[in-house]
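Only one structure is covered here, and it is reproduced in the block below.
The values are calculated or read from the model by the stated rules, or taken from the named source; none is laboratory data. If you're wondering where the values come from, they're calculated on a predicted model, not measured in any experiment. Glycine gets a Cβ as well: all are built from the backbone with ideal geometry, and neighbour counts include every protein chain shown.
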Amino acid sequence: MESFEFWQIWLIVAVFFLVVEMFSASFVFLCFCLGSLGGSVLAYFGLAVGWHLLGFSVVTLIGFFTIRPFMLKYAYRRSHDVKINVDALVGSIGRVVETIDEKENTGRIFVNGDDWRAKSESEEIIPVSEKVEVIRVDSTTLIVKHIKNKKED
């Protein structure tokens, strides 16, 4: 059985860091992976262990200061524009399933496959089966606006 050479050990370490990066998505371990590849190349050419470590360090630092900022900017550039959870309900159209009446403290709508408590923005009474638009979310209650159907004569 053959023993591993240094360049093979560096390659195994690089694969390890790449697998860890897949689960972290921080691009830190990607820099270590690239550094390990740099150490592997130097070891392949038969240089001393000190040179492997120097190559690992230099390539890792280059990755931290060049590749990582670029990847963070590229990977997370649209993340602030995406609405998630209840914020995604704003602007959605729903249908009233229980009359919305502030005085009676009633009102439920069905929107995006879910049943929600609802209040009218203008405090008007909105009957069952009418369409409403979600204006904002207040805790577990959706504030809605009545969409009046315009009849053409």
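Structure values in brief
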quantity	calculated
Hey, residue 109 surrounded by 15 or more Cβ atoms within 10 Å (Cβ to Cβ), in contact with an Asp or Glu (Cβ under 7 Å, 6 or more places away or on another chain) and modelled with pLDDT of 90 or more or not	no
Hits in segment 38-58 - residues which are surrounded by fewer than 21 Cβ atoms within 10 Å (Cβ to Cβ) and either touching a residue at least 60 places away in the same chain (Cβ under 8 Å) or within 15 Å of residue 11 (Cβ to Cβ) (or both)	41, 44, 45
Residues (farther than 30 Å from residue 73 by Cα and assigned to a helix (DSSP H, G or I)) located in segment 1-22	6, 7, 8, 9
Any hit, segment 1-14, residues being under 18 Å from residue 70 (Cα atoms) and crowded, with 16+ Cβ neighbours inside 10 Å	no
Only listed residue being closer than 30 Å to residue 143 by Cβ, among the charged types (D, E, K, R), at pLDDT below 90 and surrounded by fewer than 18 Cβ atoms within 10 Å (Cβ to Cβ), chosen from 115, 87	87
Tally of residues being modelled with pLDDT of 90 or more and acidic (Asp, Glu) across segment 122-143	3
Set 68, 108: member being in contact with a strand residue (DSSP E or B) (Cβ under 6 Å, 6 or more places away or on another chain) and of a type outside the set (Phe, Trp, Tyr)	108
